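Trainee: What follows is a structure written as structure tokens; I'll ask about it next.
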Amino acid sequence: MIGLVDYHMHSILSDGKNSYEEMIKKAISLGLDEIGFSDHFCLKPVDWAISTIDLPVMEMQILELKEKYADQITIRFGIEMDYFPEHEDEIRQAISKLPLDYVIGSVHFIGDWNFDTDKSLYGKWSNDELYQMYYKLVQLAAKSGLFDTIGHMDIIKKFRVYPETNQDQLIEDTLKIIKDNNLVVELNTGGIDRPCTEFTPSPEIIKRCHYYHIPLTVSSDAHKVDQIARHYETAIDYLREIGVEEIVTFDQRRRGTLRI
């Protein structure tokens, strides 16, 4: 793990099971050089995201721990922000109030339906229609200028929901928009432990990202200490296999690179 980073981690302030300090200690024991916390922030009232009243608590804790452990590990301050096209101004205002190193933009909602946790509306539309609706939101998120990284890009497949017909062109169009808007895509290893049992996005999409020279980073989407840097050996081996030589790092919303 030495020299690697993990930028997608959740604490008890959102839907994680451990404190920041517990996760930091675990990351140090794994030999990670750099980690970033990215608790959920959502403008809709949900119980799995940090509440607005707790944002100062989040900021204070991360900044204090960043200093406390500075000689052992680099700690970055991130956030995973849910994207809603009708609330771009509010999202921008929320982001501007925090001293963030990076912002992960994620789509967990189609309209008011949180497809990531609520299975009740699967079947209302064809899977092809779902994919079209989902990826149009990802495209809008990429165009918004709000985010640094697109989170778990194909999370719509989480419950093994796949399109009825080939949607390669939709994926290609989305990747071109991500490229044109200079965003990073995360290889989220947490997908292996979801019902879809593969990286999010899929290895094939990661390969297409590399083809388009879209910058990549690696993250675990850890919600508890034993998920930090999960499946990293598999991820790094795959990236090297397809020719990826470096991943992205972040500092004050500026990018660096790390050779793998």
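Trainee: Any chance you could count how many residues in the range 205-249 are of a type in the set (D, E, K, R) and surrounded by fewer than 13 Cβ atoms within 10 Å (Cβ to Cβ)?
Mentor: 6
Trainee: Find the helices (runs of 4 or more DSSP H) located wholly in the range 1-96 whose residues include 1 or more that are charged (D, E, K, R), surrounded by 15 or more Cβ atoms within 10 Å (Cβ to Cβ) and in contact with a Ser or Thr (Cβ under 6 Å, 6 or more places away or on another chain), and list them.
Mentor: So the answer is 88-96.
Trainee: Conditions first: (1) touching a helix residue (DSSP H, G or I) at 6+ places or on another chain (Cβ under 6 Å); (2) not in a loop (DSSP other than H, G, I, E, B). P163 passes all but one, so which condition is the exception?
Mentor: For P163, the failing item is (2).
Trainee: Out of all the residues in the range 171-190, is one or more in contact (Cβ under 8 Å) with a residue 24 or more places away in the chain, part of a helix (DSSP H, G or I) and under 20 Å from N114 (Cα atoms)?
Mentor: Yes, the conditions are met somewhere in the range 171-190.
Trainee: Go through G78, G3 for me and flag whichever is at positive phi and either modelled with pLDDT of 95 or more or over 17 Å from the mean Cα position of the chain (by Cα) (or both).
Mentor: G3
Trainee: Then there's this: May I ask you to list the residues in the range 72-106 that are of a type in the set (A, V, I, L, M) and over 27 Å from A27 (Cα atoms)?
Mentor: I91, A94
Trainee: When residues of the range 119-132 are filtered for being part of a helix (DSSP H, G or I) and surrounded by fewer than 17 Cβ atoms within 10 Å (Cβ to Cβ), how many remain?
Mentor: Residues that pass the stated criteria total 3.
Trainee: If I filter the range 96-153 down to residues being touching a residue at least 24 places away in the same chain (Cβ under 8 Å) and among the acidic types (D, E), which single residue comes out as nearest to F84 (Cα to Cα)?
Mentor: Only one residue tops the list, namely D112.
The values are calculated or read from the model by the stated rules, or taken from the named source; none is laboratory data. On a predicted model such as this, the values are computed, not experimentally measured, just so you know. When we count neighbours, we look across all protein chains shown, and the Cβ atoms used for this are built from the backbone with ideal geometry, even at glycine.
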